[in-house]
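Worksheet: one structure, shown below.
The values are calculated or read from the model by the stated rules, or taken from the named source; none is laboratory data. Everything numeric here is computed off the predicted structure, so don't read it as measured data. Cβ placement follows ideal geometry from the backbone for every residue including glycine, while neighbour counts extend to all protein chains displayed. Keep in mind that these areas ignore ligands, DNA and RNA; they rest on the heavy atoms of the full protein, side chains included. Shrake-Rupley method; radii C 1.70, N 1.55, O 1.52, S 1.80 Å.
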Amino acid sequence: MISPLSSLSSRESPPVLRVEDLRKSYGEIKAVTGISFEIAPGENYGLLGPNGAGKTTAIQMIAGVLAADGGRVTVCGQELTTGTTTVKSHIGWVPQEIALYDRLSARENLAFFGRMQGLSGKPLATRVSEVLELTGLVDRAGDKTIKFSGGMRRRLNIGIGLLHQPDLLILDEPTVGVDIQSRTRILDQVAEMTSLGMAVLYTTHYIEEVERLCQRVGIIDHGVLIAEGTRAELVKTVGERDRVTIAADGQINAGVGQITALDGVHEAGATTDGIQMLVDDAAHLLPRIIESLTRSGVTVTGVEVEEPNLEAVFLHLTGRALRD
Amino acid sequence: MRDIAWIVLKDLRQQIRDRTIFIFGLIAPLAIAAALSLAFGDFFQNDEAVTFKFGVSNADSGGAISEGFGSALTALEQEGLVDITFYRDRTSLDEAVEEGEVDAGFFLPQGFSQAVIQGADAQITVVANPSSSVVTGVAASIARQFTLEVASASVAGATAAILAGLGPQQMIELGMAASQAPPTAQLAAVETQVRQLDGATYYSAGAAIFFTMFVVGTGLLSLLEERKRHTLARLLSTPITPGRILAAKFILSFVVGVGSVGLFMVFSGLLLGANWVDLPVTALLVMAAVAASAGIVSLVAGWARNAEQAQNFQSVVAVTMGILGGTFFPIAGGSTLLNALSLGTPHAWFMRGLGDLSGGGGLQEVTTPLLVLGGITVVTLTFSVLGARRSLRT
């Protein structure tokens, strides 16, 4: 869940990543059109958008593997281009596709990419062991990765990005095609990285992942960053309300009449087994709602609060569902 | 440089585990060399001098130049290189060739000498069994060399001589003088490879350079494979520059190529009896040939759209160059065009260099092959770097 205080605190520091007016076209197709945002140290920034929205193109440019047509990417104060090298050591990029050498073991893959990042000797050996531990692959460290399950390969794919302890970790749809257990483990890993002060740029089309991990979210569609902010800010921007469903018996209609009179309660109505309504702030109003219903002769047997989510925000902004 | 070395070591480790390198680098060339050596090796036995049996039918009896041709062949016979039998007419000659009495025959038509002198169309017909390609090549070479020599450059050159004001008598003298030139030197110049490499060595060398193109390809094509498997993009996200990745792939190809040819030479010496002489200079030739092959394959890989296309291109180029370069059979004695095309292949220069070494030459004698191979490397690598920009796009 969003932590506005920690977000505010981390954003007081100079940004780890600053993206300004980033653009990329493929012929007539504009893949990314002038996106700009910043990520502070220790902040987890989610780039949310449907497939084909331009997320991967954007982060490939940010990772320095794809040349931008225009704009600027600055990492830890250094401008990044595809030709620059030293600034890349600040970045750990985890591509959406599994990028491993099948005929090398997990340990060999880690050691090789660690060397490419400039690690060597004991620090390299230590980091390889730590990442194997972190990814839960210690027991399979010597096995060729071609023998790994999809989840194990995905975890190792992420581990390589973490190996050199970058200031900025870029994760491109890291949980696509993995089982629930591996997914949970991956999300835990990412949360741990953020807690250790690493800035994370996380792209996905899974809303629940963004809501679980990210302090701030940028919503991208057709290559344009159409909204940005904390989850609460985004929800507030589009005026969404909490949906409250109350399972109840007794004087239902009387209860509906009572709660409709309360400030902040909207569109209250009876359902087959209770009452449903939209509420400006359920956490604040719920005690008064239940009290009113009880006074009206309604017996409340259950309460379900559905907060407005980013899916609703996306729907509101684009007129279509995120996974259309 | 350490990052380049780590990429090379990583790829080497993968290739050794893949085992493809052993198939293309050792097993396949040994098998091909053994098969070719068994099938055609008799042509190349240096310790037993090659003696071709040729028949001659001269319908231009008394003609100055045709008699000169007969004299030239007689001189070759005295050198022990050929056995000459004269036949009274074309029919007898054809029968002799058909029955295997002689390996091939030469027929000089009536009026041959006069035609040469007048600059008209004059032909020496080579009669041969189509299945005896090597013998046919040697016979054709002798005929061609004679016609080249007899009028200083070609039969057409006689016309030029007449235009220069030479009279018929001077032309006859010119023809006679030309026909007296030492023919052994001409034969040797054309058939250097045949004369100097024994069968096992010739086919071992041919198989080595032929399969080198495939072996070096496994290194360079791995760039496209890395792009396909997304590891190239991941490499490009690290502090290493694209140029260093390219350099690593070329070095890998070179190391793998030299290693596999070296290993193959050891095994071909032990198992097939290939005779590698002057090992330091031979090693230089191997390195130059591998570098040139790697350059050609990198050119192909650099311009291919994907790994599959590159492999197809590589196979076509390797087989075409292998044939043109004379790795399966000598092409000397073929057409001028074929000879010219042959000189565009690293195979031909590698074989020529080894032939020169086998004939007693040293570093000085293989300078030209080394320089040409170096030139091929530089040119192909320059163009391949331009093409490789495509490969380095993720």
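When DSSP assigns beta bridges and you keep just the ones with both residues in chain A, what percent turn out antiparallel, to the nearest 5? Antiparallel: roughly 70 percent of the beta bridges in chain A. Only helices enter this figure: runs of n ≥ 4 DSSP H residues, each worth -39500 (n - 2.57), summed and divided by the residues of chain A, yield -10500 deg cm²/dmol at 222 nm to the nearest 500. Heavy-atom accessible area for B:LYS53, with the other protein chains in place and a 1.4 Å probe, reaches approximately 80 Å². The mean number of partner chain beta-carbon atoms within 10 angstrom of a residue's beta-carbon across peptide A:88-98 is 3.
Against chain A, whose longest principal axis comes from its Cα atoms, helix A:282-295 is set at around 20 degrees.
For A:ARG216, the amide hydrogen comes within under 5 Å of the amide hydrogens of A:ASN44, A:GLY46, counting only partners 5 or more places away or on other chains and with H modelled in the peptide plane. Counting Cβ atoms of other protein chains within 10 Å of each residue's Cβ and taking the mean over peptide B:239-252 gives 2. Between amide H atoms placed 1.01 Å from N, distances below 5 Å from B:THR327 occur with no residue 5 or more places distant or on a separate chain. Pairs A:LYS24/A:LYS236; A:LYS147/B:LYS249; A:LYS88/A:LYS147; A:LYS147/B:LYS228; A:LYS30/A:LYS236; A:LYS122/A:LYS144: which are spaced more than 28 Å apart, C-alpha to C-alpha? Too far apart for the 28 Å limit: A:LYS24/A:LYS236; A:LYS88/A:LYS147; A:LYS30/A:LYS236. Projecting label points 7 angstrom from Cα along Cα→Cβ for A:GLU20 and A:ARG72 puts them 0.3 nm apart. Relative to the dominant Cα principal axis of chain A, helix A:121-134 is inclined by about 30°. Contact order for the stretch A:226-294, expressed relative to its length and based on alpha carbon pairs under 8 Å spaced 6+ residues apart, stands at 34 percent. Just checking the listed ones, A:MET198, A:MET152, A:MET277: in the Gaussian network model of chain A with Cα springs under 10 Å, the one fluctuating most is A:MET277. Between A:ALA268 and A:LEU278, the built amide H atoms are under 5 Å apart, and every one of these is 5 or more places off in sequence or on another chain. If r is the Cβ-Cβ distance from A:GLU304 to A:ASP179 and R0 is 22 Å, what FRET efficiency results, to the nearest 0.05? So, using R0 = 22 Å, E works out to roughly 0.20. Between A:SER195 and B:VAL266, the FRET efficiency from the beta-carbon distance, with R0 = 45 Å, is close to 0.15. Of the residues B:LEU263, A:LEU286, ranked by 1.4 Å probe accessible area with the largest first, the sequence reads B:LEU263, A:LEU286.
Counting Cβ atoms of other protein chains within 10 Å of each Cβ in A:300-313 and taking the mean gives 0. Between A:VAL138 and A:ALA283, the contour length at 0.36 nm per residue exceeds the Cα-Cα span by 47.8 nm. For the stretch A:183-307, the relative contact order is 23 percent, taking Cα pairs closer than 8 Å that sit 6 or more residues apart in sequence and dividing their mean separation by the residue count.
Rounded to the nearest whole Hz, the Karplus-based 3J(HN,Hα) values (6.51 cos²θ - 1.76 cosθ + 1.60, θ = phi - 60°) of the stretch B:109-121 follow the sequence x, 4, x, 4, 4, 4, 4, 4, 5, 7, x, 7, 5, with x at glycine and proline.
Using a Gaussian network model of chain A whose springs link C-alpha atoms within less than 10 Å, name the residue from A:HIS284, A:HIS222, A:HIS266 with the highest mean-square fluctuation. In this elastic network of chain A, the residue with the biggest mean-square fluctuation among A:HIS284, A:HIS222, A:HIS266 is A:HIS284.
The 3J(HN,Hα) values that the Karplus relation (6.51, -1.76, 1.60; θ = phi - 60°) gives for the stretch A:148-158 are, in residue order, 7, 6, x, x, 5, 5, 5, 5, 5, 4, 6 Hz. Gly and Pro appear as x.
With both labels modelled 7 Å from their Cα along Cα-to-Cβ, the B:ALA31 to B:SER92 distance reads 5.1 nm.
Label separation (B:LYS228 vs A:SER36): 4.3 nm, computed from points 7 Å beyond Cα along the C-beta direction.
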